[in-house]
Every structure is written in structure tokens, then in C-alpha cells.
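One structure is given here, and the rest of the page talks about it.
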Amino acid sequence: MTKNKKVEKEIKEQEFQEEILLDKDSTENQDEIAQDENQEVQDEEVSLEVKLEKEVAELKEKYLRLYSDFENFRKRTAKERIEMISTASQELLVDLLPAVDDFERAFKANENEEDATKVLEGNRIVFQKLLKILNSKGLKPMEDMIGKPFDPDTQEAITQIPAPSEDMKGKVIDVIEKGYTLGDRVVRFAKVVTGA
């Protein structure tokens with residue numbers, strides 16, 4: 001081998017060695033890059049996991065607060081409802097007291113009164129006052145039922161009697177006890193006699 005060929009061979013071998021080293025460095029660099037990327041992905045996954053755990057903790061806390069607020073609201077409304085039920089009739093009773101006082105005064109006045117018309121007039125005045133108080137609270141008597149068809153939603157038939165005329169069959173002939181409504185709701189059914 002000539003010296004040039006030998007030098008060329010050595011140069012080629014050296015270049016080959018350098019290429020191998022470069023490839024090795026390149027592979028190591030690629031491995032390092034891949035490891036760095038893997039580490040970044042793992043870091044991102046860990047940070048995402050931590051972030052999700054924080055979110056879950058915050059949502060749990062919000063849920064517990066909301067649940068506590070709801071429980072407090074439920075207890076408060078239950079307490080208010082009990083108080084309202086126990087004092088619901090208080091306003092009506094306070095409004096009825098003047099009528100009770102009038103009845104007491106009428107009883108005292110009637111003890112010595114001999115004129116029945118004065119007693120009757122006094123009783124009528126107190127009765128009208130009582131009705132006015134009840135009407136102001138929404139209690140309304142059922143009126144004008146005689147001659148009208150029987151209504152089972154507002155009336156209770158006590159008995160049936162033979163109808164005085166053919167057109168009175170199935171209609172109210174007499175009212176035994178008045179019915180009352182409070183708003184749209186029946187609080188006492190009218191007790192009536194119907195024609196058969």
C-alpha cells in the first residue's frame with residue numbers, strides 16, 4: 001500500500017469513527033431529548049393531576065358549603081312554619097275580641113232589660129259586627145242556594161224530600177246550615193235538603 005492510500009484509509013477510518021461518534025452523540029442527544037420530553041410530559045401529567053386534585057377539593061368545599069346553607073335554610077323555614085302555625089290565628093283572635101266584649105256587655109245589659117226588641121236589636125248589632133270581622137278576613141257565606149241545582153263540591157245533602165214541583169227535582173229546597181268559603185276554598189259545606 002502506498003502511503004497516500006494508507007493516509008486515505010486512515011482518513012476514511014477517522015471519518016468513519018467521527019461519523020460513529022457523531023451518530024452516537026446524536027443518538028445520545030436524541031435519547032436525552034426524548035427523556036427530557038418524557039420528563040416534561042410526566043411533569044405536565046403530575047401538574048395536571050395536582051390541578052385536578054385542587055379542583056376536586058374546591059368543588060367538595062363548595063358542595064359542603066351549599067349543603068350546609070341548604071340545611072340551615074331548611075331548619076330555619078321549618079322553625080318559621082311552626083311559629084306561623086302556632087300564631088296564625090292570633091290576628092283573627094285579636095280582631096274577634098271586641099265582638100266578645102260586646103257580647104259580654106250585651107249579656108249584662110240584657111239581665112235587667114224587659115223589652116225583647118231592644119235585646120234582639122243589641123244581639124243583631126253584635127252579630128253584624130262579628131260577620132264584618134269574619135268577612136274582612138276572607139270568610140264568605142254561601143248565599144242564594146235555594147232553587148239552584150245541588151252542587152256536591154260545596155254542599156252536603158242531609159236528606160231528600162219529595163219536590164214541591166217538577167222543576168225542583170235535584171235542586172236545593174232548604175238550607176239547614178250555611179256553608180262558608182275562605183278565598184276559593186270551602187271551609188264548611190252547606191247542609192241542604194234536596195228535592196227528589
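Computed from the coordinates by the stated procedures, all read-outs in this text should not be read as laboratory data. A quick note: this is a predicted structure, and the numbers were derived from the prediction, not measured. Every residue, glycine among them, receives a Cβ derived from its backbone with ideal geometry; neighbour counts consider all protein chains shown.
Taking every alpha-carbon pair under 8 Å whose residues sit at least 6 apart, the chain reaches a relative contact order of 13 percent.
Toward the positive end of the charge dipole of the range 89-137, with +1 on the Cβ of Lys and Arg and -1 on the Cβ of Asp and Glu, the farthest Cα among 136, 100, 116 is that of 136. Taking 18 Å as the limit for the C-alpha separation, the pairs 148/178; 132/191; 140/178; 148/191; 108/132 exceed it in the case of 132/191; 108/132. Under a model in which nothing but the beta-carbon of Lys, Arg (+1) and Asp, Glu (-1) is charged, the chain shows a dipole of about 2040 debye around its Cα centre. Axis of helix 90-112 versus longest Cα principal axis of the chain: the two differ by about 10°, to the nearest ten degrees. Against the longest principal axis of the chain, how steep is helix 116-136, in degrees 0 to 90 to the nearest 10, with axes from Cα atoms? Taking Cα atoms only, the helix is inclined about 10 degrees. The GluC sites (Glu not before Pro) of the range 31-136 that DSSP puts in a loop, and whose beta carbon has at most 13 other beta carbons within 10 Å, are 113, 114.
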